[in-house]
Amino acid sequence: MTRPDPVVRPRFGILASGRGSNAARLMDAFAAGEAPGLAAVVVSDVEGAPVLELAAARGVPALAIPRRGLPRREHEDRVLAELARHRVEHLLLAGYMRVLTPQFLALFPGRVLNIHPSLLPAFPGLDAARRQWEAGLPRVGATVHLVDAGVDTGPVLLQGELAVRGDEGPEGLARRILTEVEHQIYPKAVRLFVEGLPARTEANLP
Ligand code: GRF
């Protein structure tokens, strides 16, 4: 009897600059099978970023490639070399504070996801939670989208929202968006993304 080929899991690279709560959530979701795929490597542009520890604690290869002192293209080339070494096919940006160049993105067409703490296209850019708080909105949320050359632009994959109570304050609201929305929708968006990929087995790998 021939056994069916085992399905080959898509390999994700995670790019993150700091705290790493979304990255940790994604690594845990891959490990639990909640998101299909595996975290092949975590790369940070910041030396000593907490996300690196979170990855190491989970047995995921992780390294910093500090941007400081490097021209942008050279930094990207170094990141690309690491992604290639770990055979990364798709990228998840999780608080990665760099805009990727069109040349970089061309190597991952339609294969880079980002999460942003607002209901895009509203409130792109930095400090989105605080600005939403100050706007006094009744509902706020977060968005997972495909990345293009803009800042927090590109087709939306999934959004989630919550009702603002009004007593959170800007930091409390940021925390609520992070834990109640971002950490819920990112693994789900990864699942949707993978379900949209062509099915692969070891037999049809290039
Ligand atoms: C999150 O709010 C994410 O939406 C934004 O940057 C923040 C990163 O937080 N892009 P963390 O490092 O994942 O905890």
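Points to keep in mind about this one:
- Hits in segment 120-141 - residues which are among the charged types (D, E, K, R) and in a strand (DSSP E or B): R139
- Test result for P36, over 25 Å from P198 (Cβ atoms) and more than 15 Å from the ligand (Cβ to nearest atom): no
- Q159 being at pLDDT 95 or above and surrounded by fewer than 17 Cβ atoms within 10 Å (Cβ to Cβ): no
- Given (1) of a type in the set (G, A, S); (2) closer than 27 Å to R11 by Cα; (3) modelled with pLDDT of 95 or more, index of the condition A174 fails: (2)
- The residue of segment 97-118 that is farthest from H183 (Cα to Cα), among those that are in contact with a strand residue (DSSP E or B) (Cβ under 7 Å, 6 or more places away or on another chain) and touching a residue at least 60 places away in the same chain (Cβ under 8 Å), is L113.
- Within segment 74-96, residues that are within 16 Å of the ligand (Cβ to nearest atom) reach partners that are not hydrophobic (A, V, I, L, M, F, W, C) with beta carbons closer than 6 Å, at six or more positions or on different chains, in the pairs L91/G13; L93/N114; A94/N22; G95/S17; G95/G18; Y96/S17.
- The residue that is farthest from G20 (Cα to Cα), among those in segment 99-133 that are more than 12 Å from the ligand (Cβ to nearest atom) and among the small types (G, A, S), is A106.
- In segment 177-206, the residues that are among the polar types (S, T, N, Q) and modelled with pLDDT of 95 or more: T179, Q184
- When V144 is tested against (1) part of a strand (DSSP E or B); (2) more than 11 Å from the ligand (Cβ to nearest atom); (3) surrounded by 21 or more Cβ atoms within 10 Å (Cβ to Cβ), only condition (2) is not met.
- Odd one out for F193 among (1) part of a helix (DSSP H, G or I); (2) over 17 Å from the mean Cα position of the chain (by Cα); (3) not basic (K, R): (2)
The values are calculated or read from the model by the stated rules, or taken from the named source; none is laboratory data. In this text, all values refer to a predicted model and were calculated from it rather than measured experimentally. Reconstructed Cβ throughout: ideal geometry from the backbone, glycine too, with neighbour counts over all protein chains shown.
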